[in-house]
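**Student:** My structure is below; once you've seen it, I'll send some questions.
The values are calculated or read from the model by the stated rules, or taken from the named source; none is laboratory data. Predicted model only: the values in this text are computed from it and were never measured. When we count neighbours, we look across all protein chains shown, and the Cβ atoms used for this are built from the backbone with ideal geometry, even at glycine. Surface accessibility is based on the protein's heavy atoms, side chains included, excluding ligands, DNA and RNA. Shrake-Rupley method; radii C 1.70, N 1.55, O 1.52, S 1.80 Å.
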Amino acid sequence: MIEQVDVLVVGGGVNGVGIARDAAGRGLSVWLCERDDLASHTSSSSTKLIHGGLRYLEQFEFALVGKALAEREVLLRAAPHIIWPLRFVLPHQPHLRPEWMIRIGLLLYDHLGRGRRTLPGSRRIRFAKHVTGQPLRDEFHTGFVYSDAWVQDARLVVLNAMDAARRGVRIQTHTRCLSARRDGGSWTAELESADGRRHFVKARALVNAAGPWAARFLDEVAHVKHDRSLRLVKGSHIVVPGIFDHRYAYIFQQPDRRIVFAIPYERDFTLLGTTDVEYIDDPSHPVITPEEVGYLCDAANRYFKKQLGPDDVVWSYSGVRPLLEDDSGAASEVTRDYLLDVDRNGPPLLSVFGGKLTTFRKLSEEAMDILAPLLGNDHPAWTADARPLPGGGERDIEALLEDVLSTRPWLPEALAWRLVYSYGTRARDLLGEAGSLYDLGEHFGADLYQVEVDYLVRHEWATAAEDILWRRSKLGLRIAPPDVQRLTGYLSSATRKL
């Protein structure tokens, strides 16, 4: 049997699920396949920011920054439970950039693209009178503070997938696209699931959202000639025990004119990143190098009193960014903008090259503005003003947290906080009628209980311990190896039953 749809999307990262969701909202039938878990690669390996990209102003990427800042406001409304405002502190070092240059850049950042509607603007601060000065070395006296936003990146992908599925998208994870060929007025794709079963899908249009594999997909799967190329750049991050106990983040200028962020992470840790390293190996399993660890530790040590070394690193992760090749010299100078390429030699093929997390919704909208008319669909763009993503129905997340705690006094505050800031209003559904911790089922370590695991399997395509511990959450930072083994054993049976 051959399934027939309007659009087949290959790739379950943020761009793939964004396009699938947008297409479904325009009344098109959509199938999405992802060879691994949702957000397995680039989309779960970011610096976890929804931001305009302050440093891109020096590269004169004004249009990209303006677009991203406008999107920041849209996304804050769409998912207030997993995206929230964050104030960034930039300590001033006169020998790197003069104060007037930073001030002008921040004023421009405040107002580009109508970006600052709800977030406070930038200002100059003196560290002797500001909480962020205490962790810094004594030579830093003044700095600047400005606004951006934090995001749980992998959960952003999953929530878009959930909304897409609610609109009718068929999402198949752990399903590889083996081949795709033009067959008359449609594409015929052969898919293979994890158990080895193969089936065929006919689609009026094909979307190549394979991220770092986008060019390889054209060469080896679709066998379509093209003149596009990607520049793969590895970005690595390290997580260390908390360096500071306030809720501000830092942006540090480095002698090589790059910047490194220090961000409060998972309540007890600090996230440091990122690097920009040319990458030529398999994008599936990038690994941080000792040189990158040293670079990030040195970056923090230039600013913080507390000095870091490799032994302080409790976790690290690396991702490969598929950047649009623009003949830039240094990897850090390659544009973060994107290109949507449409091959109309028969049924359309739309390929996504480049992009960044913050602009995925706009990218998806532009992709469907191009593709939908080719399919005879004139439905207007809709996602900018759509209702919030699953769980985002209440904008006052602190009030939601207070309600969950007041109606469930037996629930530990840390667990309630994590559930609300992961699932939003759906935390109530997850907890159900439970009246005690015992009612939450088997305890898998840290604050992970069976009801949450079952919810993730039923509603969020989780099939393995890694899906739950490192993408749907970051409980991998807290859970012991024996607990991981118990969770793995439970999932092997739960995924068959649920």
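**Student:** Of all residues in region 252-307, how many are part of a helix (DSSP H, G or I) and among the charged types (D, E, K, R)? Quick ask: steps written out before the conclusion?
**Tutor:** Here is the first cut: in region 252-307, the ones part of a helix (DSSP H, G or I) are 290-301.
Still in the list and also among the charged types (D, E, K, R): 291-292, 298.
Number satisfying all stated conditions: 3.
**Student:** Report the residue count in region 368-400 for those that are at positive phi and open to solvent by 60 Å² or more (accessible area, probe 1.4 Å). If you could, list the steps in order and put the result at the bottom.
**Tutor:** Taking region 368-400 and keeping what is at positive phi, we get 376, 391.
Narrowing further to those that are open to solvent by 60 Å² or more (accessible area, probe 1.4 Å): 376.
Looking only at that region, the number is 1.
**Student:** Name the residues in region 314-339 that are open to solvent by 10 Å² or more (accessible area, probe 1.4 Å), in a strand (DSSP E or B) and modelled with pLDDT of 95 or more, would you?
**Tutor:** The answer is TRP315, SER316, TYR317, SER318.
**Student:** With the condition being among the aliphatic types (A, V, I, L, M) and touching a Cys at 6+ places or on another chain (Cβ under 9 Å), I'd like the strands (runs of 3 or more DSSP E) fully within region 1-117 carrying at least 3 qualifying residues.
**Tutor:** Values: elements: 2-10, 30-33, 83-91.
The qualifying strands (runs of 3 or more DSSP E) are 2-10.
**Student:** If you don't mind, another one. Which residues, counting only those in region 446-485, are under 21 Å from VAL157 (Cα atoms), part of a helix (DSSP H, G or I) and either open to solvent by 40 Å² or more (accessible area, probe 1.4 Å) or β-branched (Val, Ile, Thr) (or both)?
**Tutor:** Matches in region 446-485: VAL453, VAL457, ARG458, HIS459, GLU466, ILE468, TRP470.
**Student:** Checking ASP403 against (1) open to solvent by 10 Å² or more (accessible area, probe 1.4 Å); (2) at pLDDT 95 or above; (3) in contact with a Gly (Cβ under 8 Å, 6 or more places away or on another chain), which single condition isn't satisfied?
**Tutor:** All conditions pass for ASP403, except number (3).
**Student:** Which one of these is touching a Lys or Arg at 6+ places or on another chain (Cβ under 6 Å), open to solvent by less than 20 Å² (accessible area, probe 1.4 Å) and modelled with pLDDT of 95 or more: ILE19, ILE50, ILE83? Full working, then the answer.
**Tutor:** Values: ILE19 fails: touching a Lys or Arg at 6+ places or on another chain (Cβ under 6 Å); ILE83 fails: touching a Lys or Arg at 6+ places or on another chain (Cβ under 6 Å).
Within the list ILE19, ILE50, ILE83, the selection yields ILE50.
**Student:** Evaluate the following for VAL65: is it of a type in the set (A, V, I, L, M) and either within 17 Å of ARG258 (Cβ to Cβ) or in contact with a Leu (Cβ under 9 Å, 6 or more places away or on another chain) (or both)? I'd like the intermediate steps shown before the answer.
**Tutor:** Details: of a type in the set (A, V, I, L, M): yes; either within 17 Å of ARG258 (Cβ to Cβ) or in contact with a Leu (Cβ under 9 Å, 6 or more places away or on another chain) (or both): yes.
So VAL65 fits the description; yes.
**Student:** With the condition being open to solvent by 10 Å² or more (accessible area, probe 1.4 Å) and within 30 Å of ASP343 (Cα to Cα), I'd like the strands (runs of 3 or more DSSP E) fully within region 123-200 carrying at least 1 qualifying residues.
**Tutor:** Values: elements: 123-126, 142-151, 170-172, 175-183, 186-193.
Filter on region 123-200 gives 170-172, 175-183, 186-193.
**Student:** Separate question: Can you list residue pairs whose Cβ atoms sit under 6 Å apart, with the first residue in region 297-325 being within 19 Å of SER44 (Cα to Cα) and of a type outside the set (A, V, I, L, M, F, W, C) and the second being open to solvent by 20 Å² or more (accessible area, probe 1.4 Å) and at pLDDT below 95? Count only pairs 6 or more apart in sequence or on different chains.
**Tutor:** Final answer for the pair search is PRO322/LEU230.
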